[in-house]
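Since the structure comes first, as structure tokens, the remarks are kept for the end.
The values are calculated or read from the model by the stated rules, or taken from the named source; none is laboratory data. What you see is a predicted model; the values in this text were computed from it and never measured. Every residue, glycine among them, receives a Cβ derived from its backbone with ideal geometry; neighbour counts consider all protein chains shown. The protein model used for the area step is the full one, side chains on, heavy atoms only, and it has no ligands, DNA or RNA in it. Shrake-Rupley method; radii C 1.70, N 1.55, O 1.52, S 1.80 Å.
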Amino acid sequence: KKDIPIANFVVHEIHCSRNIEVCRHCSELIPKSEMKNHIESEHVQVTCKCRMKIEKCLLKDHEASACPLRPAVCRYCDIQLVSNKLQDHEVYCGARTERCGGCSRNIMMKDLKEHPRVCG
């Protein structure tokens, strides 16, 4: 999968066919001597803290963007919760009120950013 000078192509092709293998899981080119280690270290099934079984090589992305137990921050109060609790928390937290220093009205947290535009 790389450009090879034509003069070296035959030797290179023989070398690759003897020493390199395509991983059946991820299609990466792996030295044949390292294939067993590659499969055991990258493609073994592991269990995430959310109890989902996933290939080890995919775990970091899952934990960062899809895991329901990944950390998430409330946009109103900046506390950290787990992602699957964030929506319920933000509904509650956004309905809390804070007094406006300009008009002295109680403004819901979810409307606080827009309020200065309409505050008398």
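Some points to look at:
- Placed amide H near Ile20: partners under 5 Å, 5+ positions off or other chain: Lys32
- For the chain, accessible area per residue (1.4 Å probe, heavy atoms of protein chains only), Å²: 79
- Identified option (computed mean projected area of the Cα convex hull in nm²; candidates (i) 11.8; (ii) 10.4; (iii) 13.3): (iii)
- Note that the stretch 74-117 shows a convex hull volume over its alpha carbon atoms of 60 Å³ per residue.
- Loop-located trypsin sites (Lys or Arg not before Pro) across the stretch 17-112 with a Cβ neighbour count of 12 or fewer within 10 Å are Arg24, Lys49, Arg51, Arg105, with loop assigned by DSSP.
- Per-residue 3J(HN,Hα) values for the stretch 43-49, derived from phi via the Karplus relation 6.51 cos²θ - 1.76 cosθ + 1.60 with θ = phi - 60°, read 10, 5, 7, 10, 10, 6, 4 Hz in sequence order (x marks Gly and Pro).
- Net lengthening on full extension, Thr97/Arg18 (0.36 nm per residue, minus Cα-Cα): 21.4 nm
- With K and R counted +1 and D and E -1, the other residues having a Cβ less than 13 Å from that of Glu34 yield a net charge of -2.
- Across the stretch 46-111, C-alpha contacts under 8 Å between residues 6 or more apart give a mean separation that, scaled by the residue count, equals a relative contact order of 18 percent.
- Evaluating 6.51 cos²θ - 1.76 cosθ + 1.60 at θ = phi - 60° for every residue in the stretch 86-102, the Karplus couplings come out as 5, 4, 4, 4, 5, 4, 5, 5, x, 8, 5, 10, 9, 6, 7, x, x Hz, glycine and proline recorded as x.
- If you take all other residues with their beta carbon under 10 Å from the beta carbon of Asn106, and give Lys and Arg +1 and Asp and Glu -1, the sum is +2.
- Relative contact order for the chain, counting Cα pairs under 8 Å that sit 6 or more residues apart, in percent: 10
- Apportionment of accessible area to carbon and sulfur, the chain, percent (1.4 Å): 51
- Converting phi to 3J(HN,Hα) with the Karplus coefficients 6.51, -1.76 and 1.60 and the offset θ = phi - 60°, the stretch 20-32 yields 10, 9, 8, 5, 6, 8, 10, 6, 6, 7, 10, x, 4 Hz in sequence order, with x at every glycine or proline.
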